[in-house]
Every structure is written in C-alpha cells, then in structure tokens.
1. Is any helix in the chain, taking whole DSSP H runs, at least 15 angstrom long along its axis by alpha carbon and on average at least 1.0 on the Kyte-Doolittle scale, and which ones?
2. Could you tell me, in Å, what Rg and Dmax come out for the Cα atoms of region 224-331?
3. What net charge is computed for the residues neighbouring G311, neighbours being all others with C-beta under 14 Å from the C-beta of G311, Lys and Arg scored +1, Asp and Glu -1?
4. Considering only the other residues whose Cβ falls under 13 Å of the Cβ of L485, what net charge follows from Lys and Arg at +1 and Asp and Glu at -1?
5. Picking from V471, H216, A280, whose Cα lies most toward the positive end of the charge dipole for the chain (charges on Cβ: Lys, Arg +1; Asp, Glu -1)?
6. Check the straight Cα-Cα distances from K145 and name the aspartates and glutamates below 18 Å, setting aside those fewer than 8 residues away within the same chain.
7. Using r as the Cβ-Cβ distance of I285 and L346, and R0 as 35 Å, what FRET efficiency do you calculate, to the nearest 0.05?
8. For the pair F502/L461, report the inter-label distance in nm, with labels modelled 7 Å from Cα in the Cβ direction.
Amino acid sequence: MARPLSVTDLAAKRPPVCAAAPLLEILLPLIAGILAATLGTPSNSLALLLSAISIALIGRVFPLHFPQGLRIAALLLGFISTSLQDQPPHPDWSWQPPRETTLEMRLERGFNARKESHFAGLARLEHTALRAVPQGSRLAFYLKKGELGDEHLLPGAVVRCRGVLQFLPANPHPDDYQEHLLQQDIFLSFNQGEVLELVSPPSTWQTARHALLHHHQSLLTTACRDDEDPGMVIGSMLLGNRSLLNETRMTLYRDSGTLHLFAVSGLHVGSVALCLYSLATFLRIGGRPRLAIILLATWTYIWMTGSTASGVRAGIMLTAVSSARLLLRQSHLFPALVLSACIVLLWQPAQLFHLGFQLSYAVVLGIVLIALPLSRLLQDALLLHRPPRFRPRAQRRYEKVVRTATDLSCVSLSSSLVSMPLIIEHFTLMTPGGVFAGLLLNGLVFLIVSGAVLAMLLEPLIGELLAGTMVVMLWPMVDLIEGILRLTVAIPGAVERLAWIFPGSGTATTCLCLACAWAVQRWRMSRPLPNGLLLVPLLIPAILIGFGTVHT
C-alpha cells in the first residue's frame, strides 16, 4: 500500500518555494519585544506582558518546534536589546535652541557636500563643553574643510570643529532632510562652521579602505572627462558614491523612483557573488573552498564601500542563504531569509524601523513568495503550448527566452507593488510607470553591475587598460537606461504625488501583502489550491493604494 504524501513530498511537487521556517517562532517574538520596547512607560510593560500571554496561548493551541521558554526568551531579548540601544532625546537637552560651540567628533561616513570647500556626513560626538549633550551621540554635519585635505577627513578620524549645534526635536517644522535624520535616530545637526584641526588620524584599516575605494573609482570612471559621462553613473552605482552624480541626473533618478540603484544593496552584493561564483566554476573550484572565496571577496566589497547598513544586511542574507545550501543541504530561500532577519535584528534592533531594512526584506520576500511561484506557473503554461515542430536547439532557446522573460516580468511586478506602499509613505511618490519600465531596467542594471564587477575582479590579471575598456563598453547601456527613464517620467500619470490618508498605512499594507503571500504558499505545501490565489497578494497593495491615498 502506497504511503500518503507528506508535507515535504507535497512541497517538493510545488517548487520553487517553501514557506515553512521553524525560526519564525523565534523571529516573531523577537519583533514583538522590539516593538514593545519602543512604547513609552508603562505602555511597554503592558505590551510585553500581553505579548508573553499571546505566545503562551499560541503554544498551547498550535504544535510548535521550539520550547515555550525559548520563545519567551526571544521576546525578552528583543525588549532588552532595544531598550539598551535606543537613545531618544533626553528631556534635559532636546528642547534647547541652537547654540554655537566647539566640539570633537569621530567621522563615520561622508556625504556629497556639492562644494569643494565643504564636507558633510555623519559623526559621533567625542567631547563637548555642553553638559546637556550626551557623549557618544550621533550627529549630521555640514562644515568648511578649513586647512585639512580630503586625505585627513576619512572615517575614523577625530577632528575638532566650531559651529552651530542644533537639537532637531526642538524644531517644530523640520524639513525633509531633518525628518530623514530623525527617522535614523539622529537628533543633532552641526552646521555653519569649520574644521579647526585634526585630533587623531584615521586608522590604518580606514586608510587602506579609502585607497582601495579610490583605485576602483578611478577604474570605473575611466575615460570620463566631465560629470555628464556615463562612467560617472557606473562608478556611483557600484561604489554607492552619489557625489559622482550631477544635479540633473540626481533629479532624473529621484523623480523616476530609481535612486536606490546608487546605494550598495542586495543587487550589488548579489552581482558580486554571482560573478565570483562564475569565475570559481570556470576555474573548477567547488565545494567549501568556493564558498569561502565568494564570502571573503563579497565581504571585502562591502567593507570597501563603507559597510553601510544595506550592504551589511545583504551580506548577512547572502551568507545565510549560501551557507544553508552548502552546509545544511537546504535549497529553500525562505528559511535562510528568516535566519538572516534574526541575525540583523539581534545585531541592531533599531533596523526594524529603518526604511532600508523594510524595503530590503519586503522586496526579497516578495520575490521568493510571489514572483518565483507566479513565474513558474506562467512558464508551465507557456511551455506546455510551445510550437511542436521546434528542433532541439531551437526548443532549448525558446525555453530559455520564456523563462528569462517570465522571471524578469514577475520580479519587476512583485518588487514594484510590494515596495510601493512604503515608497508612498516615506516619499509621497508613486511611479506606476516604473512597473513597466522595470521590465527593461532590471536586466540592463544587472548587466551593468555584473560587467563592472567583472572588470574589477579581472583588473589584476588583465591590466587597467583592458579592464577600463570593459567598463567603457557599458556606457551605451547607461545611456539606454537614462533614455527609458526620461521617456517614463514624461508620460502623463507615470509619476504621481500621493500620501496615505492614515499614517502607517504603507507599512501595514506591505505586511498584509507579505502575510497573505506566506499563507498562500504555506497552504500550497499541504493541499492543492486554485492558481488564481497567487495573484491575491499583488491585488492587496493595488486596491489599498487606490482607496487609501490622496493626491498631494
């Protein structure tokens, strides 16, 4: 007698997604603890108690993998770690008006100052005469360089400056930039001043990182004579340096909703890993040595580009996915993504409230839970009715074209619809034209990033001249991308200014969409469901955006 199909057997018959992840039992209490810690006293204690009771009741109703004590421990860990790391404005200093002062700060990250005589970025306060300001607070600055050159103003250097220190929570009408700083838990800005002297130089590691970054920037901007050349876009895209973009390009990419291409994220980290994988396969390096080479080089790239939060998140996701596939023989992406989210939130609980974290995981989960199953369904339907008289070689080409086209289409559609509620909430911007333009842009951007990464990897072997030639050969693709974006922005209705009627609706809509997608895929693992249910998660953001937003 044949045994009945188990959940694992049924999941294997419905590739490519597995929505089962035991670590969800740890991740969800961890998130609940983080959310509870952000509430004011005594609301946070009440929320923590209600969360613990809910976890206990769920454990009695549903069979779970982890013991109840471990889930409660995850809840308490999220609450305690958030309470220790969260540093809201202290009542003693948050209300005070701007004042001129002299302070010492340790540079963390540089921004585009748009002026040769100035520099801007983020820093951490080392010493100040103002007693009301906590030492170690992060601040955003925009100052004159003074007599110091760029080689001294590197991350890790400590400088003494004079300027005006402003307490952002005291401003009743903050502008967009100040709102962005407050969302990043940065409550101080330091402007209208200059650098006086260098207190301590950057470390050897920071100097080496800057030299490596400068070398690759010179390679990627080979043959560029001014800021209009496409090489500036390639250098900015690969290294996350937006200062290479002029105002015209910044406006174009901002209005088209594609400015995220110039922040080191999953697209860049994944392209680096894919190129390394291809080279290792060509050299017949396999198994754990190949994994070690890929992860070491990928994390070197993340370190070179400044170890931004989005880059580190992508590195953790890549490490979790690739390690699970090789070491644990786990071929599914969803459990590895849950593992990476646990690591990120244990590392920095405040990441949960950052737009970059929300967009990164929303887009990747949308691809895993919506795009891949929908693409597989379309491929089965199209390949089932393929022309019967194809020769074997023509048939293989036909199948490759169908699979590539459906993958790109579904990924573009799911990424746009899943992220659009968050974009509207934070930027009051909706780009419906970007959904259709993304069908072409995704492939072109991937080719540009992959080609530039390949040039960077091969440059020690083939020389700077040939590697630079490889980069210049990518220029027509950049021109094509910008032509598509200009055409998209010029179409009436392709870019609209919208805002949610109720605050927080964008985050709630994205969470609802992903929860629905997870439920559909989880049900498909145990029972056959109508194929039309795969479209329900995509309809949720489309419908709620239509009825829950207003024009601004």
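1. Length and hydropathy pass: 24-37, 43-61, 68-85, 266-282, 309-327, 333-347, 355-366, 372-384, 432-462, 475-490, 536-548.
2. Using the Cα atoms of region 224-331, the pair Rg, Dmax is 16.3, 50 Å.
3. On the way: positive: R109, R209, R313; negative: none.
So the surrounding residues net to +3.
4. Numbers: positive: R249, R254, R486; negative: D255, D479, E482.
With Lys, Arg at +1 and Asp, Glu at -1, the neighbours total 0.
5. Projecting each Cα onto the dipole axis, the largest value belongs to A280.
6. E100, E104, E108, E116, E194, E197
7. Working: r = 32 Å, r/R0 = 0.93.
About 0.60, to the nearest 0.05.
8. According to this spin-label approximation, the distance is 5.7 nm.
We did not get these values from a lab; they are worked out from the coordinates using the rules stated. In this text, all values refer to a predicted model and were calculated from it rather than measured experimentally. Ideal geometry is used to build each Cβ from the backbone, glycine not excepted, and the neighbour counts take in all protein chains shown.
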